[in-house]
Amino acid sequence: QVQLVESGGGLVQAGGSLRLSCAASGRTFSSTAMGWFRQAPGKEREFVAAISWNRITYYADSVKGRFTISRDNAKNTVYLQMNSLKPEDTAVYYCAKAPALHYLQNSQSDYWGQGTQVTVSS
């Protein structure tokens with residue numbers, strides 16, 4: 001059973017930064033793709049960023065140049081560094097795991113975390 005536990009959310013002013021973390025259980029972390037999604041109130045969950053097992057990255061246009069996804073296989077953890085935050089980035093952010101990058105690019109995942117709230121004030 002794989003568990004994904006997000007942390008690092010909070011309240012920040014526009015233009016500020018936050019770093020989200022997602023700790024994963026299980027032995028296959030280093031060979032899988034990991035990603036971040038978000039869901040704002042009244043909206044559908046949307047793709048944010050993903051990273052393959054060999055560190056190929058992919059971003060939604062809305063966060064490109066502001067967010068950076070990375071992974072530490074020794075710690076079974078994936079990170080999302082969020083800079084230049086905007087009020088429209090306010091959402092619950094979810095971590096996801098999939099066998100390969102293209103699954104996450106198509107919003108498909110084997111496992112989801114419980115989410116962490118990010119609120120950006122104007």
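Which of the lysines could a cross-linker span from LYS64 if the Cα-Cα distance has to be under 23 Å and same-chain partners fewer than 8 positions apart are dropped?
Within the straight-line cut-off, LYS64 pairs with LYS43, LYS86, LYS97.
FRET efficiency for LYS64 and VAL2, Cβ-Cβ distance as r, R0 = 30 Å, nearest 0.05?
In this case the efficiency is close to 0.60.
Taking the inverse of the average 1/r across all pairs of different Cα atoms in the chain, what Kirkwood radius in Å do you get?
For the chain, inverting the mean 1/r across all distinct Cα pairs yields 14.0 Å.
For a label point 7 Å from the Cα of ALA100 along Cα→C-beta, name the residues of the stretch 46-86 whose backbone N is under 14 Å from it.
52-54
Label points 7 Å out from Cα along the Cβ direction at GLN39 and ALA14: separation in nm?
For GLN39 paired with ALA14, the spin-label model returns 2.7 nm.
Counting each DSSP H run of 4 or more residues in the chain as -39500 (n - 2.57), what helix-only mean residue ellipticity at 222 nm follows after dividing by all residues, to the nearest 500 deg cm²/dmol?
Calculated at 222 nm, the ellipticity per residue is -1000 deg cm²/dmol.
With every protein chain kept in place and ligands, DNA and RNA left out, what is the accessible area per residue of the chain? Probe 1.4 Å, answer in Å².
52 Å²
Would you mind computing, in nm to one decimal, how far apart the modelled labels at ASN73 and TRP112 are, each placed 7 Å from Cα along Cα→Cβ?
Using points 7 Å along Cα→Cβ, the separation is 2.8 nm.
The values are calculated or read from the model by the stated rules, or taken from the named source; none is laboratory data. Just so it is clear, the model here is predicted, and its values are computed rather than measured. So basically every Cβ, Gly included, is an ideal-geometry build from the backbone, and we count neighbours across all protein chains shown. We work out accessible area using only protein heavy atoms, side chains counted, and drop any ligands, DNA or RNA first. Shrake-Rupley method; radii C 1.70, N 1.55, O 1.52, S 1.80 Å.
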